[in-house]
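The values are calculated or read from the model by the stated rules, or taken from the named source; none is laboratory data. None of the values given here were measured: they were computed from a predicted structure. FYI the Cβ positions are ideal-geometry reconstructions off the backbone, even for glycines, and counts take in every protein chain you see.
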Amino acid sequence: MPKLRIGDLKIDIPIIQGGMGIGVSLSGLAAAVANEGGIGVISSAGIGMLEADFERNFKEANRRALHREIKRAKAMTKGIIGVNIMVALSDYDDLLRVAVADGADLVFIGAGLPLKVPGIWPSDEWEKVATKIVPIVSSSRAAKIIFQSWQKHYNRVPDAVVVEGPLAGGHLGFKKEQINDPDYTLEKILPEVISIIKPFEQHFKKNIPVIAAGGVYTGADIYKYFKLGAQGVQMATRFVATYECDASAEFKDAYIKCSTEDLIIIDSPVGLPGRAIRNRFLEKIESGNKIPFKCPWQCLKTCDLRTSPYCIARALSNAKNGHLEEGFAFAGANAYRIDKVISVKELFKTLMMEFEKAESI
């Protein structure tokens, strides 16, 4: 596979492990991926739930846990470590500052438009920020808005961009009716984003890689998206069923046991559609049941506490810890293809072989 360059970062294998929140991708998985030459990513969403004082002091718990996981990952690898941060998080600015201060190589920013990232720092401090900023978008329109805003207000642009299609797991940047619409496939939107980015590359005289995500499962998929102009890919679902993934064995088992019919689109309490694995918990919610909860923090800006039938952070955390009767697992559209747990090393080897086979045809 060709190497990926993002600014002065040289990535030997152009595979980014997607950030999976509420503790699914922490330092263990991220370091393992980085050690294989890819980009390992720690998700900051709900990361403070690992801390005993999360309910009393969630912002401080989030900062402390993110700091610790970045430090742990860097102690386990000399490779490249990124952090995934959602704009929708109520402490988004705080987490971004922690990631940069602790030397994360990249920050991937999704679930909203990161229009004011450089403005978080005074201009003289921003010049010293070495962390690469990579927005995650689901359309060329979103990419254009971000790049135009940065250019207008800060005379700079992001270092790369991830284009996530509708086959991704978790919260999706699409309306329900767009998810199965041929006009919104990754194959369709990827070239559109690439064409939007070209003028900014020319103006700023820099290479701005466009990275394909959402439904990337095999080395042949990677080859296909490279042929469409991507310079890298982001994969999340495939990394869940690895020994190094930070989720419980029961969580991984949900992936192994699921069928294509089990992968459903749900209405998340935060106002977005999401792809998840059907289970009894979700069936109870579909039947109109509510799971009473107290929310001392409101981790997501868009969560409506008055109407939410359950706390999604608690549900996802329960599942990650193996208590799937009290929660559920998000998963990508290809999760049903997973049949066993393997090592990250073996996964990389498989993807490389598949890529080479596709390239030789």
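Could you look through segment 178-195, keep only residues that are part of a helix (DSSP H, G or I) and polar (S, T, N, Q), and pick out the one that is nearest to the chain's Cα centre (by Cα)?
Gln178
Assigned by TED's automatic domain parsing to the domain that holds Lys198 and more than 28 Å from Cys295 (Cα to Cα): does that describe Ala160?
Details: assigned by TED's automatic domain parsing to the domain that holds Lys198: yes; more than 28 Å from Cys295 (Cα to Cα): yes.
In short, yes.
Just checking, which of Tyr217, Tyr225, Tyr255 is closer than 27 Å to Leu29 by Cα, aromatic (Phe, Trp, Tyr) and in a loop (DSSP other than H, G, I, E, B)? Explain how you work it out, then say what you get.
Numbers: Tyr225 fails: in a loop (DSSP other than H, G, I, E, B); Tyr255 fails: in a loop (DSSP other than H, G, I, E, B).
Only one candidate passes the filter, namely Tyr217.
Could you pull out the residue among Lys59, Lys144 that is outside any loop (DSSP other than H, G, I, E, B), in contact (Cβ under 8 Å) with a residue 12 or more places away in the chain, assigned by TED's automatic domain parsing to the domain that holds Gly40 and touching an Asp or Glu at 6+ places or on another chain (Cβ under 6 Å)? Don't jump to the end; show me each part of the working.
Details: Lys144 fails: touching an Asp or Glu at 6+ places or on another chain (Cβ under 6 Å).
After applying the criteria, what remains is Lys59.
Taking only segment 64-93 into account, find how many residues are outside any strand (DSSP E or B) and modelled with pLDDT of 95 or more.
Looking only at that region, the number is 16.
Going through Val157, Val162, Val134 one at a time, which residue ends up being touching a Phe, Trp or Tyr at 6+ places or on another chain (Cβ under 9 Å), in contact (Cβ under 8 Å) with a residue 40 or more places away in the chain and in a loop (DSSP other than H, G, I, E, B)?
Of Val157, Val162, Val134, the one residue that is touching a Phe, Trp or Tyr at 6+ places or on another chain (Cβ under 9 Å), in contact (Cβ under 8 Å) with a residue 40 or more places away in the chain and in a loop (DSSP other than H, G, I, E, B) is Val157.
Go through (1) closer than 16 Å to Met49 by Cβ; (2) in contact (Cβ under 8 Å) with a residue 60 or more places away in the chain and name the single condition Tyr310 misses.
Tyr310 satisfies every listed condition except (2).
Working carefully through the options Asp181, Asp221, find the one that is buried (at least 20 other Cβ atoms within 10 Å of the Cβ) and without any contact (Cβ under 8 Å) to a residue 24 or more places away in the chain.
Unique residue meeting the criteria: Asp221.
Six or more apart or on different chains, Cβ atoms under 8 Å: show the pairs whose first residue is in segment 1-22 and outside any loop (DSSP other than H, G, I, E, B) and whose second is surrounded by fewer than 21 Cβ atoms within 10 Å (Cβ to Cβ) and among the small types (Gly, Ala, Ser).
Ile11/Gly37
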